[in-house]
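Undergrad: The structure's right below; bear with me while I get my questions together.
The values are calculated or read from the model by the stated rules, or taken from the named source; none is laboratory data. Predicted model, so just to flag it, every value in this text is computed and none were measured. Reconstructed Cβ throughout: ideal geometry from the backbone, glycine too, with neighbour counts over all protein chains shown. Remember, those area values only see protein heavy atoms, side chains included, never the ligands or the DNA or RNA. Shrake-Rupley method; radii C 1.70, N 1.55, O 1.52, S 1.80 Å.
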Amino acid sequence: MNPALRVVARRPGVAILFLASAFLIGSDANAAKPGKTDPDAAAPDATDAKAAKREEKAAARANQDGATNPDTRLLEKLRDRMGVTDDEEWNVISTRIAKVEELRRSLAAGTRALAASGDKIKKSDRGGSSSTPEIDALREAVSDQLPDAEIRARLTRAREAYQRTEAELVKAQADLRSVLTVRQEAMLVMAGILPP
């Protein structure tokens, strides 16, 4: 199969652009032949408007494909609600929101992993990559029935790692608050991204 046709078969948006360009090339070829009359020649503005409309639809589809990520949609909604119109300002705010969310997820994964029993939950169900190495080591110590001293040492390391992440989260939340207006901060509190 022709490589261009493979791309067209996998991406419907590309297929539309491919067909539209083939149509436009075909109509130009017919217009160049002597003795052939072009039905659109009488209305060049209508052809230009149709082509522009097709290009707008293709661009809208491309933007829609990029906006299918739930995090992206959430951030765009927050941006609208917060009334941030400046792209530079939004880049600073969204980067700090992403850092806060990453740390919150990390803490939540550690808490879930602490609550999980190594004997009852398979590694694939625990989401091994979402828990910390300290939690994994503690889980192994408990499931392998290691001596209490070893379990205590691993528990201490897990607690310290959790407290470090918690401190990083508090700092990230303060950094985020430092670039927000009072109204924007209130909106992020209501959205559950910042604590009150």
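Undergrad: Would you check which residues across region 116-159 are open to solvent by 90 Å² or more (accessible area, probe 1.4 Å), of a type outside the set (S, T, N, Q) and either within 25 Å of Leu103 (Cβ to Cβ) or modelled with pLDDT of 90 or more (or both) and list them?
TA: Lys123, Asp125, Pro133, Glu140, Asp144, Asp148, Arg152, Arg157, Arg159
Undergrad: Within region 161-177, identify whether any single residue is out of contact with any helix residue (DSSP H, G or I) (no Cβ under 7 Å at 6 or more places or on another chain) and either at pLDDT below 90 or among the hydroxyl-bearing types (Ser, Thr, Tyr) (or both), and answer yes or no.
TA: No, every residue in region 161-177 fails to be out of contact with any helix residue (DSSP H, G or I) (no Cβ under 7 Å at 6 or more places or on another chain) and either at pLDDT below 90 or among the hydroxyl-bearing types (Ser, Thr, Tyr) (or both).
Undergrad: Looking only at region 40-84, filter to residues that are outside any helix (DSSP H, G or I) and more than 17 Å from Leu176 (Cα to Cα); which one of those is modelled with the highest pLDDT?
TA: The qualifying residue modelled with the highest pLDDT is Asn69.
Undergrad: If you don't mind, there's one more thing I want to ask. Within region 85-99, can one find any residue that is at pLDDT 75 or above, out of contact with any Cys (no Cβ under 6 Å at 6 or more places or on another chain) and assigned to a loop (DSSP other than H, G, I, E, B)?
TA: At the first step, the residues of region 85-99 found to be at pLDDT 75 or above are 85-99.
Narrowing the set further to residues that are out of contact with any Cys (no Cβ under 6 Å at 6 or more places or on another chain) leaves 85-99.
With the extra rule that they be assigned to a loop (DSSP other than H, G, I, E, B), the set shrinks to 85-86.
Yes, the conditions are met somewhere in region 85-99.
Undergrad: Give region 168-196 a look and list any residue that's without any contact (Cβ under 8 Å) to a residue 40 or more places away in the chain, open to solvent by less than 60 Å² (accessible area, probe 1.4 Å) and under 14 Å from Lys99 (Cβ atoms), or say none.
TA: Ala174, the sole residue that qualifies.
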